[in-house]
Amino acid sequence: MKNFYITTPIYYVNDSPHIGHAYTSLCCDYIARFKKLDGFNVRFLTGTDEHGQKVENAANAKQIKPKDFVDEVSKNFLKLTDFLNLSNSDFIRTTQQRHLNSCEYLWKKLYSEGHIYLDKYSGWYSVRDEAYFQESELIDGKAPTGADVEWVEEPSYFFNLSKWKDKLLKFYQDNNNFILPLSRRNEVLNFVRGGLKDLSVSRTSFNWGVKVPNDPNHIMYVWLDALTNYITYSGYGSNEKEFKNNWPADLHIVGKDILRFHAVYWPAFLMAADLPLPKRVFAHGWWTNEGEKISKSLGNVIDPFKLIEQYGLDQVRYFLLREVPFGNDGDFSKSHLVQRINSELANNLGNLVQRVVSFCLKNTMGKVPDHKNKFNKEDLEIINSFETEISSLRNLIDQQKLDESLKEIWIKISKSNKYIDEQAPWNLKNDNAERMNIVLYCLLESIRQIGILIQPIMPNSANRILDIFGLDSNQRNFNKLGTKLVVGIDLIKQDVIFPRIENK
Ligand code: MSP
């Protein structure tokens with residue numbers, strides 16, 4: 001089996017989970033589930049980023065010890081993982097011993113090879129971004145993200161980032177699709193071409209973090225610590241054999257705001273440590289809420305728990321994946337959500353299933369009817385196009401064109417809806433029962449294939465569709481798309497799969 005390793009960013013625990021976290025995680029889950037159904041041995045990692053000044057400040061503000069604070073808040077992210085029905089293989093926390101060990105291991109390697117040296121930092125730092133900024137980058141005295149910056153002067157270890165400029169540029173050139181989408185790739189290239197300064201990788205003005213080996217007054221820069229999570233999980237510094245098998249990652253999915261850390265610093269750290277580089281970093285865009293930037297001060301933060309309670313998990317999963325071309329910014333609008341649920345889920349998909357199954361319950365004794373191998377051209381198009389469909393889906397998923405892959409499946413659904421209207425089995429009932437059975441067989445078969453294909457998007461609803469045919473779990477993988485429904489099996493009725501939402 002081929003391996004596939006995908007990661008979400010690990011989330012800061014200074015805050016409650018919001019739609020941005022849910023979005024990144026869901027996109028990864030879609031890809032992870034797709035790959036698993038397609039026969040890959042999938043590793044899917046998510047977790048929490050628990051160190052640094054931002055988290056220490058948040059704990060202080062609550063007058064709680066940082067460790068107690070992170071233990072508490074991390075639970076909310078773990079709960080979200082469950083709530084979103086993520087198929088992650090592990091949930092890493094940067095306060096875990098396994099992670100502290102791998103951070104130390106990496107540091108020692110970088111230090112012993114001469115890539116880290118002691119000096120003094122003086123410059124701007126944004127706690128919210130946990131990032132250093134040069135004077136020239138500031139806009140009206142703030143970080144480009146709008147976050148406040150503070151002047152920092154302290155002894156600091158530096159990573160010799162400037163030395164990696166040419167190697168990074170060569171790597172980007174040799175690996176054209178390392179950074180996607182391409183527009184973002186250009187931003188990164190321009191940044192690196194503009195010259196890299198050595199990066200401060202330790203701080204002395206607070207305590208909450210991984211101590212620098214042999215110099216415990218220094219706390220490792222939280223991004224060096226956080227990025228290392230991806231190799232901690234793979235067994236870096238603890239299990240060489242496992243690490244060889246589990247690293248590099250195939251795909252880091254991140255938001256556009258943290259691309260630089262993943263596409264510049266991370267590859268440079270890895271090159272310096274003589275480690276293989278991840279195969280791809282994909283940066284997605286940001287959501288606004290009904291046209292407005294999402295922020296706590298505006299009070300328009302979207303709570304994923306509430307959203308899912310109100311509209312249903314699979315409905316929200318579908319909407320977030322479908323609404324925005326993956327990589328672009330997008331706007332969250334309740335009316336769009338309701339519209340998509342009613343038209344694409346309830347009407348197009350739900351009705352198709354309901355109509356066909358109810359009709360069979362009345363007219364084929366609730367069984368998969370016999371086709372007698374008398375398929376015409378239209379029938380074969382409905383039941384035999386899965387090969388082109390799955391190969392086109394694979395292509396789209398491998399390019400992270402997530403929304404397009406959903407569109408592709410809905411084209412298949414539309415074709416079945418068109419077929420049912422054109423073939424009109426209800427008109428065949430009285431004088432051509434044989435033809436009616438063939439048409440119904442094709443529709444049921446198409447529904448089975450659709451059920452298989454939508455599993456990674458809406459796992460629960462897909463399962464309910466596949467339960468109609470009483471299929472075992474090993475009958476639900478993509479390599480079973482071609483094994484047609486057995487004539488004569490009983491259909492098991494399901495309640496409405498996607499109830500319509502009535503607008504108040
Ligand atoms: N802890 C770092 C990541 C370290 S990875 C080694 C971090 N955490 S975060 O909690 O602040 O953000 C996590 C993700 O949420 C980022 O990918 C970010 O882009 C995403 N989002 C935060 N707000 C968002 C929106 N409004 N819309 C979409 N995603 C956004 O950064």
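The values are calculated or read from the model by the stated rules, or taken from the named source; none is laboratory data. Note that this is a predicted model, so its numbers are computed, not measured. Note: ideal-geometry Cβ built from the backbone for every residue, glycine included; neighbour counts use all protein chains shown. Only protein heavy atoms, including side chains, enter the accessible area calculation; ligands, DNA and RNA are left aside. Shrake-Rupley method; radii C 1.70, N 1.55, O 1.52, S 1.80 Å.
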Once you charge only the Cβ atoms, +1 for Lys and Arg and -1 for Asp and Glu, what is the size of the charge dipole of the range 334-480 about its Cα centre, to the nearest 20 debye?
320
Cut-off 19 Å, label 7 Å out along Cα→Cβ of K306, residues of the range 272-299 by amide N
287-299
Return the percentage of antiparallel bridges among DSSP beta bridges fully within the chain, rounded to the nearest 5 %.
50
Ignoring the sites themselves, what is the longest stretch of the chain with no GluC sites (Glu not before Pro) in a DSSP loop and at most 13 other beta-carbon atoms within 10 Å?
291-501
Charge dipole of the chain about the Cα centre (unit charges at C-beta), most positive-ward option of M458, P181, N57:
M458
Ignoring everything except DSSP H segments at least 4 long, calculate the 222 nm mean residue ellipticity for the chain; use -39,500 (n - 2.57) per segment, divide by total residues, nearest 500.
-13500 deg cm²/dmol
Quick check: Cα centre of the range 46-76 to Cα centre of the range 270-300, how many Å?
21
Counting Lys and Arg as +1 and Asp and Glu as -1, each charge on the Cβ, what is the dipole of the range 93-174 about the Cα centre in debye, to the nearest 20?
560
State the Cα centre-to-centre distance between the range 442-476 and the range 347-370 in whole Å.
14
Quick one: with all protein chains in place, what share of the accessible area of the range 334-480 is carbon or sulfur, to the nearest percent (1.4 Å probe)?
45
DSSP-loop trypsin sites (Lys or Arg not before Pro) across the range 4-86, with at most 13 other Cβ within 10 angstrom:
K62
Enumerate by residue number the chymotrypsin sites (Phe, Trp or Tyr not before Pro) in the range 240-347 meeting two conditions: DSSP loop (anything except H, G, I, E, B), and at most 13 other Cβ atoms within 10 Å of the site's Cβ.
none
Which cross-chain or sequence-distant (5 or more) residues have an amide H under 5 Å from the amide H of F332, H modelled 1.01 Å from N in plane?
T288, N289, E290, G291
Global geometry of the range 334-480, whether rounded, prolate or oblate, following the gyration tensor of its Cα atoms and the 1.5 cut on a/c
prolate
Take every Cα pair under 8 Å in the range 285-388 that's 6+ residues apart, average their separations, divide by the length, and report that relative contact order as a whole percent.
26
Please calculate the 1.4 Å probe accessible area of T288, with all protein chains present, and give it to the nearest 10 Å².
40
With point charges of +1 on the Cβ of Lys and Arg and -1 on the Cβ of Asp and Glu, referenced to the Cα centre of the chain, which listed residue (S343, G146, Q423) lies farthest in the positive direction of the dipole?
Q423
On the formula 1/(1 + (r/R0)^6), with r taken between the Cβ atoms of M1 and R355 and R0 of 41 Å, the FRET efficiency rounded to 0.05 is 0.60
Listed by chain and number, the lysines with an alpha carbon less than 20 angstrom from that of K401, same-chain partners under 8 positions apart left out, are K35, K36, K256, K279, K412
